[in-house]
Amino acid sequence: MTDSNKEIAIEQTINWIKQVVIDCNFCPFASRPLNEGRIHFSVTLSADPAIILEETIRECYRLDENEDIETCLLIMTNGFENFDDYLDILSMAEALIEDQEYEGIYQLASFHPGYCFEGADETDPANYTNRSPYPMLHFLRESSVEKALLFYKEPEKIPENNIRFTKDKGLLFMQQLRNQCFNL
């Protein structure tokens with residue numbers, strides 16, 4: 001993958017954040033860091049779990065060293081197309097964060113093109129709250145999450161509001177909305 005292709009993957013991810021995450025209000029906290037340029041985007045070409053884990057720690061170090069970066073997205077453009085394989089690398093990355101004593105400092109949110117909530121049918125529109133253009137790991141500062149939740153009324157309702165939104169819009173709408181992110 002060339003640098004140009006990496007840039008395309010980042011642009012498509014930014015489109016997804018704007019058109020899906022922000023415009024559908026799936027995450028009411030996403031617009032500020034995006035608008036302020038405080039999201040760091042990394043694209044990895046590797047499908048090797050060992051490399052992904054190295055890059056996981058690299059993103060933690062990046063957050064350690066750069067207070068101006070609010071959050072990081074590690075976009076995996078090769079490999080991990082299979083959702084179960086992705087869940088395996090997510091589990092390994094979470095274990096590594098704990099082993100490296102980053103638990104309570106950073107947490108991971110997960111996004112994947114074939115995301116499927118446990119017990120949900122693959123065609124459930126609610127899966128589109130976490131269906132991204134590429135498999136990715138989203139690194140969040142726990143302190144920022146805690147701070148944001150202090151100022152948001154009834155944050156526990158965010159997931160149920162998202163589910164209601166996707167079901168009201170329907171599967172076709174959600175599919176088309178995500179697919180628009182590939183149009184540059």
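Given the options Pro133, Pro125, Pro159, state which has the largest fluctuation in a GNM of the chain using a 10 Å cut-off (strictly under) for Cα springs.
Among Pro133, Pro125, Pro159, the largest mean-square fluctuation in the Gaussian network model of the chain belongs to Pro159.
Counting DSSP beta bridges in the range 3-182, what percent are antiparallel, to the nearest 5?
60 percent
Of Glu81, Glu156, Glu98, which is the most mobile in a GNM of the chain whose springs link Cα atoms less than 10 angstrom apart?
Maximum among the listed residues: Glu156.
Cα to Cα, under 18 Å, and not fewer than 8 places away if on the same chain: which aspartates and glutamates meet these conditions relative to Lys169?
Within reach: Asp23, Asp121, Glu122, Asp124, Glu160.
Which distance in nm do the two modelled labels at Leu45 and Met92 give, with both placed 7 Å along the Cα-to-Cβ direction?
Inter-label distance under the simple model: 2.0 nm.
Just check the chain against the gyration tensor rule for me: Cα atoms, a ≥ b ≥ c as the square roots of the eigenvalues, rounded for a/c under 1.5, and otherwise prolate or oblate depending on whether a/b exceeds b/c.
In terms of gyration-tensor shape, rounded.
Taking springs between alpha-carbon atoms closer than 10 angstrom, which of Leu74, Leu45, Leu90 fluctuates most in the Gaussian network model of the chain?
Leu45
If each residue of separation counts as 0.36 nm, what is the full-extension length gain between Lys18 and Ala120 once their alpha-carbon separation is subtracted?
Extra length from Lys18 to Ala120 when fully extended: 34.2 nm.
Within the range 81-176, report the trypsin sites (Lys or Arg not before Pro) that DSSP leaves as loop and that have at most 14 other Cβ atoms within 10 Å.
Counting only loop positions with at most 14 other Cβ atoms within 10 Å, the trypsin sites (Lys or Arg not before Pro) in the range 81-176 are Lys153.
Quick one: length gained pulling Asn5 to Glu154 fully straight, 0.36 nm per residue minus the C-alpha distance?
Result: 49.6 nm gained on full extension.
Let me check I've understood the local charge: for Glu118, count other residues with C-beta under 14 angstrom from its C-beta, Lys and Arg +1, Asp and Glu -1. What total comes out?
Here the count lands on -4.
No value in this document is a laboratory result; all are computed from the given coordinates. This is a predicted model, so every value here is computed, not measured. In this analysis, Cβ positions are derived from the backbone assuming ideal geometry, glycine residues included, and neighbour counts consider all displayed protein chains.
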